[in-house]
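Novice: Below are the structure tokens for one structure; questions will follow.
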Amino acid sequence: MADVLDRPVNGHPVVKVNLLKPAAPPAPAEEPAPAAEESDPAGPVEAVDRDDNPLADWLTVPDVPMLPAWARSTASVRANAVAFGRLVGWHAAYHSIRAPKYAVKAAWLVARGFYRACKGLWPVLWASDHTATVRALAAQLKAKPEDPELAVRHQMAHRARTTARRWRWGAAGTAVAAATLGIVLAPPVLAAGATAAVAVPLGYLGRGEDARLLDQAAPPLRVDMSAQQLNDALRAAGLLKSGRSGDDEKDSPRVACVMGPVRDGRGWSVIFDLPRGGGKTASDVLAKREVIAQELGVDEIQVIMSRVRAAQGGNAGRVSMWVADDDPYLGTPNPSPLASAERFSVWEPIPFGQDARGTRISVPVMWQSMFFGGLPRRGKTFTQRLMTAAGLLDPYVRHYVADGKGGADWMPMRAVAHRLVMGAEDDAIQALKAMLDELLTEMERRFAILRELPTSVCPEGKLTPQIVVKYNLPVIFVTIDELQEYFTAMEKDDREEVINNLCRIARRGPAAGFVSNFASQRPDAESVPPKLREIITIRYCTQVVDRTSSDMVLGKGKAAQGADASVLSEDHKGTGVLVTGPASFVTVRADFLDGPGFAALCQKGRTLRQAAGQLTGDAAGDVTAAAEAQGVKVPPILSDVLEVMRHTPRMFTTDLLNGLVNIDDDTYGDFDAARLADELEAAGVKRTSKQVKISGENKAGYQRRDIEAAVPAEILLG
């Protein structure tokens, strides 16, 4: 009788074999059962487990899997088969490259074997055995020259030696000649076989300790993990106690490997339980990632660890560990699937990147807010733009964008954005404040509409895809890059006002269809206040300088849990740690979408919105974006100057030059006032005045209307 337990272990049902003897008759009433059995909390003991059962030792079936760890699942068998094939291919390539070297070594071994064969056969060919007899008889004959019998024996021995030399040399010569002639005259296949038949024995004869034919190939595995190596690493990290006698092999506590170690893709996978009684938990293991990596002989970026929760059959002491053969985040970037998509719905998870094992990572953004942080030039803005790129392909997404740096990264959004704020100058700060006020007004308007809708239309009091289309309430993406530029440029009162407005949008906006997408290079208390960061639900951090900076982006205590972006190096561009919940994080190599690809998506998004009647705000009146959409060529100097003057009707020449340098330092780094005037004049700009008055100060500058007048008339008419 076999009972399958309700609770599987490691994905496999546990079968408990019950080999029972026939039940014994009940005991008489006057003979009560032993007290131990009456008080046994575990219930009756099966017959097979009784101490008095002589067959218990060999009838007991252990609760262990019958198959080895690598053969318990199709995925594991496939992974190990692929690893074996990759290893065989590597060895084949390794030795193929060295084939010329092996040919020279083989020829040397054959030559040395031929020499040794000749040296060994020489006594036979020269009839050394007969020579000894001849020399002995010659010595005797010299002592007794008058002995005729001795002379005859000497003569016969001499003749026998001569005869032996002749037929032995003749046989050897005939064999060599026949082999040579056979090799020369035989077909190529037979000739190769005959050559091998001669060369292999000679090469074997020429072998020696210094004459190995093949080089010793080291397979491309940095870690050859075993249970012993894992225990040693955990013990060195202070997670396992040493034995009382100091002998780690005998009486020291050890982990129980629930699975593996087995090959898993381009690495080793193992799931283990910490021993009880040591006072250590899975969280303690995650906190010792760097030490464990050092003991395993790898970089900590190669060690991927996580807790196995109860939903997956785990417990507080169960850890899943995957150790990569090499750095899994290097190599050619993965192109974003959004680059070739025609449409996308932001109600679906957005394709974001891949983890260390190559698993696709997608991020749901509805009802969420996002924060991106990290050092400059580590792919932070490129990654942040992936979220915006998905919104570009959904015509029912309205974009509000602000870039505190004012560079070229977000300039293509002028074709789509309902509001676009570039830079952190005084006029841009005022435009940002106006944008936030507009967003708050829209948020309150939406809540008023949602409150009036019947539950049959709005059952949860939140936006739905049907409400978006029916009531023209598109999802709103609020994207702000380089937050620290705005906060450091603002006065205290303005700063507090903007922070409070951003917190309101991030906290209440999701229910009204607002998706906040913020980014900062320096997420400290001054540049991005904690009260704003702490209400963000999704966080992503590229390389930072230390664990403290990592916690500032990802959340307090996340580095101790294993979510530490400071372990990333300068080579990990576009790679960061993604936190999606209090206990959920993964290191992700984000998909790659370059500047031209993002600009193409912006134009595609403009076309989609025009067709759906959703092109609104700044994008609808942007002459540069309209020119690009119509295929009309606008001189770059006009486009860039209009971008710098987006928020102001007039600007001083010095401020305009600074804005142009911020957009494109390579192009405008050498510009001065005279060259700027010449370039604009060549582009068709006719200045109505060379002086402008701003805040009571009169200086050399430009009017935006003069720049717009140089734009082709057909664009303005369109």
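Novice: Summing Lys, Arg as +1 and Asp, Glu as -1, what charge do residues with Cβ under 10 Å from the Cβ of T616 carry, T616 excluded?
Specialist: Details: positive: R398, R419, R609; negative: D618.
Local charge sum for T616: +2.
Novice: Let me ask something else. Mind checking which lysines have their C-alpha under 16 Å from K280, skipping anything on the same chain fewer than 8 residues away?
Specialist: List returned: K241, K288.
Novice: Put a dot 7 Å past each Cα toward the Cβ at A599 and C118; how far apart are the dots in nm?
Specialist: Taking the two extended label points, one gets 7.6 nm.
Novice: Rank V478, P510, A448 by how far each Cα sits towards the positive end of the charge dipole of segment 444-525 (+1 on Lys, Arg Cβ; -1 on Asp, Glu Cβ) and give me just the farthest.
Specialist: Farthest towards the positive end: A448.
Novice: Based on the Cβ-Cβ distance of K462 and C503, what FRET efficiency does E = 1/(1 + (r/R0)^6) give at R0 = 30 Å, to the nearest 0.05?
Specialist: 0.95
Novice: So for the pair Y471, T607, with labels modelled 7 Å out along Cα→Cβ, what separation do we get in nm?
Specialist: Going from the Y471 label point to the T607 one covers 3.3 nm.
Novice: Quick check: residue separation of A132 and L185 times 0.36 nm, minus the Cα distance between them. What number comes out in nm?
Specialist: Length gained between A132 and L185: 14.9 nm.
Novice: Name the residues of segment 80-97 whose amide N is less than 20 Å from a point 7 angstrom out from the Cα of A196 along the C-beta direction?
Specialist: 92-93, 95-97
Novice: Relative to the present Cα-Cα distance, how much length would full extension add between E491 and W367 at 0.36 nm per residue of separation?
Specialist: Stretched out fully, the E491 to W367 stretch lengthens by 41.5 nm.
Novice: Efficiency by 1/(1 + (r/R0)^6): what FRET value for D571 and V82, r their Cβ-Cβ distance, R0 = 30 Å, to the nearest 0.05? List each step's numbers first, then the result.
Specialist: Numbers: r = 26 Å, r/R0 = 0.88.
It comes to 0.70.
Novice: While we're here: By accessible area of protein heavy atoms, probe 1.4 Å, what ranking do D403, D129 get, highest first?
Specialist: Solvent-accessible surface, decreasing: D129, D403.
Novice: Once you list every other residue whose beta carbon is under 12 Å from the beta carbon of K699, what net charge do they have if Lys and Arg are +1 and Asp and Glu are -1?
Specialist: +1
Novice: Over segment 269-394, consider all pairs of different Cα atoms and compute the Kirkwood hydrodynamic radius from their mean reciprocal separation; express it in Å, one decimal.
Specialist: Taking the inverse mean of 1/r over all distinct Cα pairs, segment 269-394 comes out at 17.5 Å.
Novice: Hey, another quick one. If the chain between L214 and T74 were fully stretched, how many nm would it gain, using 0.36 nm times the residue separation less the Cα-Cα distance?
Specialist: 46.9 nm
Novice: In addition: Which entries of K492/K699; K470/K633; K633/K699; K380/K433; K433/K573 show an alpha-carbon separation above 26 angstrom in the structure shown? Before the final figure, lay out each step's value.
Specialist: Values: K492/K699 29 Å; K470/K633 38 Å; K633/K699 32 Å; K380/K433 24 Å; K433/K573 33 Å.
K492/K699; K470/K633; K633/K699; K433/K573, as the Cα separations exceed 26 Å there.
Novice: Any idea how far apart L67 and A674 come out in nm if each label point goes 7 Å out from Cα toward Cβ?
Specialist: Output for this residue pair reads 8.2 nm.
Novice: Taking the Cβ of F371 as the centre, find all other residues whose Cβ is under 11 Å away and add up their charges (Lys, Arg: +1; Asp, Glu: -1).
Specialist: In short, +2.
Novice: Moving on to the next point. Would you please state the base-10 log of I(q)/I(0) at q = 0.10, 0.11, 0.20, 0.22 1/Å for segment 582-708, with intensities from the Debye formula using one equal scatterer on every alpha carbon?
Specialist: -0.44, -0.52, -1.18, -1.32
Novice: Roll a 1.4 angstrom probe over the protein heavy atoms and tell me the percent of accessible area of segment 426-489 that is carbon or sulfur.
Specialist: Of the solvent-accessible surface of segment 426-489, carbon and sulfur hold 52 percent.
The values are calculated or read from the model by the stated rules, or taken from the named source; none is laboratory data. Because the structure is predicted, anything quoted here is derived from the model rather than measured. Cβ sites come from the backbone with ideal geometry, for glycine too, and all protein chains shown count toward neighbours. Accessible surface is based on the protein model in full, side chains and every heavy atom, while ligands, DNA and RNA are left aside. Shrake-Rupley method; radii C 1.70, N 1.55, O 1.52, S 1.80 Å.
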